[in-house]
Amino acid sequence: MSDSNGPRALLTRIRVWLVVFVVCLVLSGVTAFPLVTELRILDSSLDGWAAPVADLLPGLAEWIERVRGGLATADAQAPYLLYGTDWLAFAHLVIAVAFYGVYRDPVRNIWVVEFGMIACVGIVPLALICGPIRGIPFWWSVIDMSFGVIGILPLLHVRRMIKRLEAVTPAPVRAVVPSAP
């Protein structure tokens, strides 16, 4: 009978959490490519089937309409500005790829999880500083900050599990490099 807290079970749980995190990261990145289309659909839905949401949250509906208009204008007059969101999407995908190392060898690559945690924490000051500079409503900055808060939770859990895995797994034998005389 296998131990549900043994190294193999722990490794499986770590990998499941990592897959969920990476899927969310990839989805977050991929959705940054078609922003113009997404905002057009969202804005039209607030005038259609989602009108009750617009009635309940008129500030949100006005903000979505404003952002859609700005993106449509940028797309028509200066599409190169949207290249910045392409890089944002690409960055999400690259970061997701880095987590493959943790999937393969969690103990050795725990630094990737810690890097992800630092990135999640960094979202908060970025939103608080750049949001007002760019004229972003505070409530929208709160939504942005929630990605960091929500993102760090599974990473904290994964880090704890990796530390437990490290404690119950024998350390690999590493070659000793002699010091220079």
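Our summary gives the chain a relative contact order of 27 percent, counting only alpha carbon pairs under 8 angstrom and 6 or more residues apart. Element breakdown for the chain at a 1.4 angstrom probe: carbon and sulfur atoms account for 70% of the accessible area.
Here the Karplus relation 6.51 cos²θ - 1.76 cosθ + 1.60, evaluated at θ = phi - 60°, turns the backbone of the range 118-132 into coupling constants of 4, 4, 4, 5, x, 4, 4, x, 4, 5, 6, 8, 6, x, x Hz, with x for every Gly and Pro. What the phi angles of the range 138-152 give under the Karplus curve with 6.51, -1.76 and 1.60, with θ = phi - 60°, is a coupling list of 4, 4, 6, 4, 5, 4, 4, 5, 4, 4, x, 5, 5, x, 6 Hz, glycine and proline written as x.
Taking amide H atoms as placed 1.01 Å from N in the peptide plane, the amide H of F33 has no partner under 5 Å among residues 5 or more positions away or on other chains.
So, for the chain, what is the accessible surface per residue at a probe of 1.4 Å, expressed in square angstrom?
Values: 12230 Å² over 181 residues.
Heavy-atom SASA per residue in the chain reads 68 Å².
Computed log10 I(q)/I(0) for the range 32-181 at 0.14, 0.20 Å⁻¹: -0.88, -1.29, from the Debye equation with unit scatterers placed on every C-alpha and solvent omitted.
Here is the list for the range 10-87: chymotrypsin sites (Phe, Trp or Tyr not before Pro) lying in DSSP coil, each with at most 16 other C-beta atoms within 10 angstrom of its C-beta, are W49. Dividing the summed -39500 (n - 2.57) terms of all DSSP H runs of n ≥ 4 by the residue count of the chain sets its mean residue ellipticity at 222 nm at -26500 deg cm²/dmol. The orientation-averaged projected area of the convex hull spanned by the Cα atoms of the range 1-86 comes to 9.1 nm². Taking the chain as a Gaussian network of alpha-carbon nodes connected by springs under 10 Å, the highest mean-square fluctuation of the residues L42, L165, L57 belongs to L57.
Across the range 46-58, computed HN-Hα scalar couplings (Karplus, 6.51 cos²θ - 1.76 cosθ + 1.60, θ = phi - 60°) run 5, 8, x, 5, 9, 3, x, 5, 4, 5, 6, 10, x Hz from first to last residue, x flagging Gly and Pro.
Annotation for the range 66-82 versus the range 108-170: alpha-carbon center distance of 30 Å.
The values are calculated or read from the model by the stated rules, or taken from the named source; none is laboratory data. Quick caveat: nothing in here was measured; it's all calculated off a predicted structure. Backbone-built Cβ (ideal geometry, glycine too); neighbour counts: all protein chains shown. Side chains included, ligands, DNA and RNA excluded: accessible areas come from the protein's heavy atoms. Shrake-Rupley method; radii C 1.70, N 1.55, O 1.52, S 1.80 Å.
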